[in-house]
Each structure stands twice: as C-alpha cells, then as structure tokens.
Amino acid sequence: MIPRDRDVILDDEKYFTLLENNVMENQYFYSIDLTCFLAGNMALGWNFQRDLTYLLDMAKDLTKTCYQMYAEQATGLSPEIAYFNIDSNSNESTIIVRDNDAHNLLRPELIESLYYMYHITGNEMYQEWGWNIFQSFEKYTRQDEGYSSINDVRNKDNVRPRDKMESYFLAETLKYFYLLFHTTNLFPFNQWLFNTEAHLLPTYNN
C-alpha cells in the first residue's frame, strides 16, 4: 500500500491505492476489485477504537477509490483490475482498464464495505453509491435464469455475458445489498460479525 504521505492525486481527487511495482523507474498504481473489502475492515476497526482516526480516514479514501472504479466505466461496474494514470501529460483516461482485466465477476467486496461505511458513519452517500451499483447489476448482468459475470465493463452495448454466476453473488453480494439498504443495522457490530464468506456469527459476551 502507498503510505499516507504518498497519496495519489488525480483530477483533484484523493485516491488511496495499491502500489504494483517499479518498471523502468515508472510507478504503476492499481487497485483490484477483490481488495475493496479492506475499507470496511478499517472502518470496523475504528468503530471499536475511535482514537485511531487514521483508520476511518483511510477507509473513506479507499471506499471512494473503489467506487470510482465502478462509476468511471460505461456500465457503472468495476473491472477486475484498474490502473491509475499518473502521467499529467497523457491523453489516456484517469482510470485505465486493460483488455485482460475488463471483466466483472459480481464480487461483493465493495458492497460489503459500503454496508460498514453507511452503518458506521450514517452517511447516506454510501447507500446512494450502492444503489447505483445495484442498478448497474440489474441492467447489465441480469439474465432470464439469474445473473451473469460479464467480459467487458467498458462497453455498455456489448458486455459479453460469461454465462456464469458465482455462488457468492447470492451468499454475499445480494446479502450486503440487503443490509446496506436498511436504515437501521440489523446486526449490531458489538453483537455479531460476518466471516469472510458473509456467514453471521455471534460475538462473545465479555
């Protein structure tokens, strides 16, 4: 991860991203849809230790980064991997999607983080972001038999469905959508926790 004193600034927006590697002295910054759960983890950590304000700050920045990966695509859905263009002289778009990374696998990670961010901060913006993503799933991934991963989030006229719906879409993605859109938290964080597969577990009473 990029240290806090090395945030990437793009289009007057702050992004908290991941550092891939150094190639010919040029840094390539990227973010993966799969890692967007981290924002929710950070927010949950701050919720139990409020003096660690940097955790919530990073959670907000990372959530914003992940949402932009969705919002900047023609379909409103994130690619598997997005690269950030840090060359101010380049004519390329701010978020670059390579052909091999343009697919969307109906992942739950950002929706999970939006759920935590909304119920911890009370900011309805996170519900609005989730609603935008939900509408995109409905428009571009829904099929007669269910929902399908798609091959190209950049082309709203030809997303090329993969004819495959991972089980986690029902077990996690839709579950977190349901919980996100509730105005009250159905499972208080000091009484319940979700494991990595979104199975609900009670906490100890100590």
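The values are calculated or read from the model by the stated rules, or taken from the named source; none is laboratory data. Worth saying up front: this structure is predicted, and the values here are computed from it rather than measured. Here the Cβ is made from the backbone with ideal geometry for all residues, glycine too, and neighbour counts use every protein chain on show.
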statement: Picking from 197, 124, 128, 138, the residue that is closer than 19 Å to residue 79 by Cα and under 21 Å from the mean Cα position of the chain (by Cα) would be 138
query: Out of the stretch 149-197, which residues are surrounded by 15 or more Cβ atoms within 10 Å (Cβ to Cβ), part of a loop (DSSP other than H, G, I, E, B) and in contact with a Pro (Cβ under 7 Å, 6 or more places away or on another chain)?
result: 153
statement: Restricted to the stretch 1-56 and to residues being more than 30 Å from residue 189 (Cα to Cα) and of a type in the set (A, V, I, L, M), the residue modelled with the lowest pLDDT is 24
task: Please list, ordered by first then second residue, the pairs with beta carbon atoms under 6 Å, 6 or more apart or interchain, first in the stretch 185-204 and among the basic types (Lys, Arg), second surrounded by 13 or more Cβ atoms within 10 Å (Cβ to Cβ) and at pLDDT 95 or above.
output: none
- request: Return a yes/no flag: does the stretch 85-93 have any residue that is in contact with a Gly (Cβ under 8 Å, 6 or more places away or on another chain) and surrounded by 16 or more Cβ atoms within 10 Å (Cβ to Cβ).
  value: no
- prompt: From the residues in the stretch 74-115 that are of a type in the set (Asp, Glu) and either touching a His at 6+ places or on another chain (Cβ under 7 Å) or part of a loop (DSSP other than H, G, I, E, B) (or both), which one is nearest to residue 140 (Cα to Cα)?
  reply: 80
